1. What number of residues in region 76-90 are in contact (Cβ under 8 Å) with a residue 24 or more places away in the chain and loosely packed, with under 13 Cβ neighbours inside 10 Å?
2. Output the residues belonging to region 22-51 that are over 13 Å from SER98 (Cα atoms), among the hydroxyl-bearing types (Ser, Thr, Tyr) and surrounded by 14 or more Cβ atoms within 10 Å (Cβ to Cβ).
3. Any idea which residue in region 91-124 is surrounded by the most Cβ atoms within 10 Å (Cβ to Cβ), counting only those that are over 9 Å from the mean Cα position of the chain (by Cα) and assigned to a strand (DSSP E or B)?
4. Which of the residues spanning region 13-60 are in contact with a strand residue (DSSP E or B) (Cβ under 7 Å, 6 or more places away or on another chain), part of a strand (DSSP E or B) and not acidic (Asp, Glu)?
Amino acid sequence: MRNSKIKRVTEKQLLEKVSEVGEAVSARLNGNYRVECQATYEIDGHRVELYSAALTGPELLDGSIKGQLLEAYKYGIENGQPVGTNIQLLNDSLYAYSFPLRKDTYLKTTCGHDFALVILSKPQLVKQL
């Protein structure tokens, strides 16, 4: 049997970790990050989804929390409103850290992406604390 301990983690600790990981991924993608253009990446063990403001499709129509978040970013970008970072609890075990891409980044200028969601698993975050 393996030794395991029950870890008590507060919501504040989880949100701080989400912010820490999200900011690190944001800094990386908003830096000189040059990769093949695609919609999803795996960065430091976390799924990163990239979107364009021209987004259409079932993601916006499903009424989910993620769909509402995508719709808010789409609306803000299309209407020239400032958009910033956001942390959202998607369900009992997933967080999304969302952020806009800077205008001069490779992923925006070459790939046409406007914003990103870092999908973070609660169990994985707890292990990192």
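Values quoted throughout were computed directly from the atomic coordinates according to the rules given, and no laboratory measurement underlies them. Since the model is a prediction, treat every value here as computed from it, not as a measurement. Ideal geometry is used to build each Cβ from the backbone, glycine not excepted, and the neighbour counts take in all protein chains shown.
1. Kept after step one, since they are in contact (Cβ under 8 Å) with a residue 24 or more places away in the chain, are these residues of region 76-90: 77-78, 83, 85, 87, 89-90.
From the residues that got through so far, the ones that are loosely packed, with under 13 Cβ neighbours inside 10 Å too are 78.
Result for region 76-90: 1.
2. TYR33, TYR41
3. Filtering region 91-124 down to residues over 9 Å from the mean Cα position of the chain (by Cα) leaves 91-94, 100-114, 121-124.
With assigned to a strand (DSSP E or B) added as a condition, the list becomes 94, 100, 121.
Numbers: LEU94: 17, PRO100: 22, SER121: 14.
This residue is PRO100.
4. Selection gives THR40, TYR41, HIS46, ARG47, VAL48, LEU50, TYR51.
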